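No lab work stands behind these numbers, since they all come straight from the coordinates. Quantities reported herein were computed from a predicted structural model and do not represent experimental measurements. FYI the Cβ positions are ideal-geometry reconstructions off the backbone, even for glycines, and counts take in every protein chain you see.
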Protein chains: 2
Amino acid sequence: MSSSLEAFFHPRAVAVIGASRDSEKIGYALVDNLQHCGFKGQIYPINPKSPEILGLKSYASINDVPDEVDLAVIAIPASQVVAVLAECGQKGVPGVIVITAGFGEIGGEGRKNERLLVETARQYTLRLLGPNCMGIIDTIIPLNASFAGGMPLPGHIAFMSQSGALAQAVLDWACAEGIGFSRFVSLGNKADLTEIDFIRAWGEDPHSKVILAYLEDIRDGAEFMALCRQVTRQQGTPIIAIKSGTTAAGTRAVSSHTGSLAGSEQAYDTAFKQAGVIHAASVERLFDYSLAFAYQPLVAGNRLAILTNAGGPGILATDAAERAGLQVANLAAATINRLRALIPDIASALNPIDVRGDAFEDSYDMALRLALADANVDSVVVILTPQKLTRVEETAQVVARVVAEMNRAEKESPTSNQSPAAVSIDLPLTPKPVLACFMGEAHVKAGISILQEHGIPNYAFPERAIEALQAMWQYRQWLERPLVQPPRFAFDDDRLRQIFAQVRNDGRVALAETESHDIAAAIGLKVPKAELARNREEAVALARLIGYPVVFKVASPEILHKSDLGGVRVGINNDLEARGAFDLITARAHRFAPGAQVWGATIQEMVTPGREVIIGMSRDPQFGPLLMFGLGGIYVEVLKDVVFRIAPISEAEAQAMINEIHSAPLLRGVRGEQPPDRDAICQALLRVSQLVHEFPEIVELDINPLVVHEQGAVAVDVRMVITPE
Amino acid sequence: MSSSLEAFFHPRAVAVIGASRDSEKIGYALVDNLQHCGFKGQIYPINPKSPEILGLKSYASINDVPDEVDLAVIAIPASQVVAVLAECGQKGVPGVIVITAGFGEIGGEGRKNERLLVETARQYTLRLLGPNCMGIIDTIIPLNASFAGGMPLPGHIAFMSQSGALAQAVLDWACAEGIGFSRFVSLGNKADLTEIDFIRAWGEDPHSKVILAYLEDIRDGAEFMALCRQVTRQQGTPIIAIKSGTTAAGTRAVSSHTGSLAGSEQAYDTAFKQAGVIHAASVERLFDYSLAFAYQPLVAGNRLAILTNAGGPGILATDAAERAGLQVANLAAATINRLRALIPDIASALNPIDVRGDAFEDSYDMALRLALADANVDSVVVILTPQKLTRVEETAQVVARVVAEMNRAEKESPTSNQSPAAVSIDLPLTPKPVLACFMGEAHVKAGISILQEHGIPNYAFPERAIEALQAMWQYRQWLERPLVQPPRFAFDDDRLRQIFAQVRNDGRVALAETESHDIAAAIGLKVPKAELARNREEAVALARLIGYPVVFKVASPEILHKSDLGGVRVGINNDLEARGAFDLITARAHRFAPGAQVWGATIQEMVTPGREVIIGMSRDPQFGPLLMFGLGGIYVEVLKDVVFRIAPISEAEAQAMINEIHSAPLLRGVRGEQPPDRDAICQALLRVSQLVHEFPEIVELDINPLVVHEQGAVAVDVRMVITPE
């Protein structure tokens, strides 16, 4: 794993600063955990008052330790932490865990002290975990540098939590459920080390088959996305995350349509999806999914076989599969015939395969082999209800044996696949995931233990097994989606910078309409011909030049929603109407927006009607440019039928946005209409994506509407707000 | 409980026909369970081969039993069941449970034998449970007339299951979870007794505070709805159901828009909602909800206080509440001040109330009292994570004590409410539900047991507690919704019957357009003026009479989708155009629908444009007339933005339908448009509701569009299909 974190992952000597002989103290639990976790390195308790703690020689200060120390764990009052951290630095300790709370999370003085901590760490180039965390646990080294109550079971799940208390509860619960971990870290206040560091380290860790994260915030959204994409795609390690809490709405700009529709939860959800991170809706699901990923091969497709000894749970599984977008597989005719031939009195040889309530393990054996051997099947859920004649343990053993044979078959040559079943059924060469649902408690407990020992996750209810498969299928689709780079267009960057500079020079943040149109033109979008008329006579001259009929809009950088105050007149047909329109809209602007600068009127070409769409962007504090697409008018205002992506996007993602809105069929042409130019929409999305990605000064943008014709599209109304500096 | 089922609920003597000495046999388990459940009546094993079974005298036949028998349980081969049932009848046994399988569920001969069973039961006026069931269990009598593995814990939940195997697993699981039952029944094939009988009996059972049902079908939808409405409203017993499996699409009519959108799952969901039945999405939720209902007072509102000793789970609960439509309560200023004053170092006195990780039980005590006392709070979720200093058992005891005091306070006078807390905090006189979420396993186990003993349900994760509160809130809203009878309009019933008779006389099922319009007119809807023209010259004459411009539509009972084959011409302005239109559409009809009867053309008044809506009905096999409403055109075709109700509906329900569609704002007038006449829509819905309710021969109906003006609405296109006889 990552070498800069070597101290956390392979420490040879650990010091506990604030070690204690009082079993009620955290400093006791830390030493106790280190002593009983199997850690093979040195442990140095540091406490000026006790010469010996838990049988170990204790030192007054880290500086008194005669040998090198890799990792120091600090659990002393907050006021002393900075000084002690400096001592660690002087000693040359490369890694420090600060357990102590009372820093950033209490605000004010605490926040200041946390900054001091980070500065001290930087000064000595040491890395810091915490403060306000419960520490780190590793079942592989092994190491327990935390005050958790006991060591978790070993396993393949790496788990990070931004809440120590939640983690304590979850580790306790996981232990009872038989869920094992490779690594665990409590992130605390993330003053130095963050989720980024551990995702990077665990992504290349052969002991961790899946990364779980409970996160309350993400500091650097772009880095998070880039890293997760790499870990989930190149390294093939799935990441499952639960994100709790939402950013206060007050911190967000909301003057645009996009801004009002793009919540912070929206941004997280979008970012997770684009980075291949599986978003769990509850802690229970976080672990349900993780078991499937940690212990079973990834599913190759969405066709599921359900094997059961009772109709009811089979139907429940079928219903859940339908809701989850999985397909209850159509078994091959050969499979159905062999099921009928091999299993006497089978209740259903169709899927769900019902071996009947009185089935012994041999029926499960044959049915499971046949289901796995069927090329139409990608995964199997084995349901068992404890009935009168059910042999729970024997059935669990049979399931474990078949799965083990399948996994062996992959490694060995196909001919060595010797089945102990009465008839030979060739298991697939590529393993398929098998999840179990042995329902009940006392009657099935022993069976579930056998399954768990053999790495077959068991779920209390069929719905939960199905949801885990759904998460696997989602990850498989992510892996198979081609990752294409966004295209790169040549923009007139000088012109763009010049406009932004002009706006700032004027002390404005909102662009005037002509400026927004110039920006749109500079990135290659078609805009209506338009000119600024400063007075009535200029208006007439320009209207003639553009050609009647034209549109008059009040020109004012302060008035964003022009039609709301009667500042727009369409269908102006002649000089007389032009004069009247100029006077009317400028007068209204003065009256309804007193104090606003009024430059005159924008005279604009009338655009042929077409399908109206909206392209928008709102800058999310974590993830940056959140791009929005939808149909214009009531579709966005009333139905809120819009989709989001974090920019920059590839062409495939732009196409996906266009297809994902509910009203997408309207863009394919309905009732015999000619369809609008979808390619022009796609191009506009890609160009806006590049613009907002390359110019972070743009905080909000709405093109509403982009009028799409059979050929081409025109950005009729463009609004933009930039940062003041 | 219901007297006709007295034999099942208060038997004095039970016979087991097919009793066995072989412990592998069901006939053994039945006798064994009866003997060990505490049943106080007589037990008579019946088996011609054994004179004694499990220490009881055995009889060769039911006729040999010297005394009266109330309840017989039959577990013998299927082929002998009918004869033995007749013997029971002759003996005068009023209640029989048939455990034996191999009847309706295997089809063919089995179905025939099941009919024989029912006929025999009717002949002797005995009531029959099953066949193919696992029996009945009652912890109140007590009685265990089932072959389940052991007796469930006593409790307040009545549970029925249409899957015996599922029930066995669930009872086993529930026992480990500490979930207790009052009554349990395995419904089996429901040949005689069904969910209806047990819902009726349990609805008036003081021992059952909530009814749970796992159902795979419902035979009589209308009766089910009427009964559930009564039980959930008048008797105040909540019903929570999970319905698995969907009717095959093949059995449903789908020639209409409504038919294609109204699936069987839709019908169940709608019916449950209208009958006050809480629809659980999984077995886990079925029980999560039931615990809250069985042990806690019903919630009065949706304002929730979250009490926690850790930030993370508090945020998870907040997120879940938001998703569930619950409100994280704004605590009263007095509550916040007292929290700050009473709990030193409180991390947050806002909601979620964070008493901090080092909180002892006294902080929980005061915070819980203050939250309950706050008039802004309707329910409390108490979250505990096991941290270093957490006193889990003491905290559980405190929670139990406060809840008990609150419940006592309700019964006694307010002044007797003496709080043992350091400061007096008046608990509310009306109890509020308190749910717990003690997270973890080994560290919290003892605490959870204390909570359970005191009737405080504990949930493993905050999200599950919140969902249980959401179910309670849903039930509360149901109780408070006024139940108004549908209005009754005077229809021209003779005219309606005459039209249906005419259609059938012609051997048709689809109504011609003029007939559908006549029906609409007969129920008081406005329809466009229209007349049938049999030839070109009649067409001209009628067009003049109605007044140009007019619409021409091909008149054919076989052509339902006229515009698809060019059979509609709008905006016909003069005689010349009228002649051309007549020739064109009749020619097209002959060409594109060869063999269809073509009567000529319907000449119809042009209706002023307005907002187009669709009102439809599709008859569901279980629940009957499934009424649909939505906006017409793309809103129904592309966006599928429609809502459903089972007819008949009240005016409030019609209004609710209009408000529930996503595009409802368009019916309130957008962008300065005059809103369409919502009252006219409501009236049309009510009239159609009465029509389809009173005339079950109508199997499908689409009014598409109903054109709604500022005043009034016109049913422009009406399609209807009736049963052949």
Exercise. Rg to Rh ratio, segment B:3-208, alpha-carbon atoms and Kirkwood radius?
Worked result: 0.94
Exercise. Nearest-to-axis residue of chain B, judged by Cβ, for the B-to-A rotation, with distance in whole Å?
Worked result: B:639, 4
Seminar exercise, completed: Footprinting proxy, B:548, A:124: sorted fewest to most Cβ within 10 Å, the residues are B:548, A:124
Problem set entry | Along principal axes, Cα extents of segment B:298-480, largest first, whole Å | 45, 38, 33
Seminar exercise, completed: Label points for residue A:492 built 7 Å along Cα→Cβ; distances to same position in the other copies, nm, shortest first, come to 7.1
Exercise. Reachable lysines from residue B:57, Cα under 30 Å, same-chain residues fewer than 8 places away excluded?
Worked result: A:388, B:25, B:40, B:49, B:91
Exercise. Using the count of nearby Cβ atoms within 10 Å as a rough guide to exposure, how do A:599, B:473 rank from fewest to most?
Worked result: A:599, B:473
Problem set entry | Dipole magnitude of segment B:137-207 about its Cα centre (Cβ charges: Lys, Arg +1; Asp, Glu -1), debye to nearest 20 | 60 debye
Exercise. Can you give the % of DSSP beta bridges in chain A that are antiparallel, to the nearest 5?
Worked result: 50 percent
Exercise. How much net charge surrounds residue B:313 when only the other residues with a Cβ under 11 Å from the Cβ of residue B:313 are counted, with Lys and Arg +1 and Asp and Glu -1?
Worked result: -3
Seminar exercise, completed: Expressed as a whole number, the average count of other chain Cβ atoms within 10 Å around the Cβ atoms of B:629-641 is 3
For this session: Give me the percent of DSSP beta bridges within segment A:297-480 that run antiparallel, rounded to the nearest 5.
Result: 5 percent
For this session: Could you size up the charge dipole of segment A:315-374 around its Cα centre, putting +1 on the beta carbon of Lys and Arg and -1 on that of Asp and Glu, and report it in debye to the nearest 20?
Result: 200 debye
For this session: Classify chain A as rounded, prolate or oblate, taking a ≥ b ≥ c as the square roots of the eigenvalues of its Cα gyration tensor: rounded when a/c is under 1.5, otherwise prolate if a/b is larger than b/c and oblate if not.
Result: oblate
Problem set entry | Point-to-point label distance, residue B:563-residue B:63, nm (Cα→Cβ direction, 7 Å offset) | 7.4 nm
For this session: Can you list the distances in nanometres, one decimal and ascending, from the residue A:696 label point to the identical position in each other copy, with the point 7 Å along Cα to Cβ?
Result: 7.0
Seminar exercise, completed: Measuring from the longest principal axis of the C-alpha atoms of chain A, the long axis of helix A:513-522 (C-alpha) lies at a number of degrees, nearest 10, equal to 60 degrees
For this session: Provide B:657, A:134, A:628 in ascending order of the number of other Cβ atoms located within 10 Å of each residue's Cβ, fewest first.
Result: B:657, A:628, A:134
Seminar exercise, completed: A student applying the Cα gyration tensor rule (rounded when a/c is under 1.5; otherwise prolate if a/b is larger than b/c, oblate if not) would label the protein assembly as shown oblate
Problem set entry | Residue among A:139, A:165, A:60 farthest towards the positive dipole end of segment A:3-208, charges placed on Cβ | A:60
For this session: Rounded to the nearest 10 degrees, what's the angle between the helix B:678-694 long axis and the longest principal axis of chain B, both from Cα atoms, 0 to 90?
Result: 80 degrees
Seminar exercise, completed: The lysines whose Cα lies under 19 Å from the Cα of residue B:640, excluding any fewer than 8 residues away in the same chain, are A:640
Exercise. Which whole number gives the average count of other chain Cβ atoms within 10 Å of the Cβ atoms across peptide A:384-393?
Worked result: 4
Problem set entry | Loop sites in segment B:656-725: trypsin sites (Lys or Arg not before Pro), DSSP, at most 14 other Cβ within 10 Å | B:671
Exercise. When you look at the Cβ of every residue in A:310-322, what mean number of other chain Cβ atoms sits within 10 Å?
Worked result: 6
Exercise. For segment B:1-86, what is the convex hull volume of the alpha-carbon atoms per residue, in Å³?
Worked result: 107 Å³
For this session: Between beta-carbons, use under 13 Å as the cut-off and find the net charge around residue A:96, counting Lys and Arg +1, Asp and Glu -1.
Result: 0
Problem set entry | Copy-to-copy label separations for residue B:344, where each label sits 7 Å from Cα toward Cβ, in nm and ascending | 7.7
Exercise. So how strong a dipole does the protein assembly as shown carry about its Cα centre when Lys and Arg Cβ are +1 and Asp and Glu Cβ are -1, to the nearest 20 debye?
Worked result: 820 debye
For this session: Can you spot the lysines whose alpha carbon is less than 17 Å from residue B:562's alpha carbon? Ignore those fewer than 8 places along the same chain.
Result: B:553
Seminar exercise, completed: quick note, the protein assembly as shown, DSSP beta bridge pairs, % antiparallel (nearest 5) is 50 percent
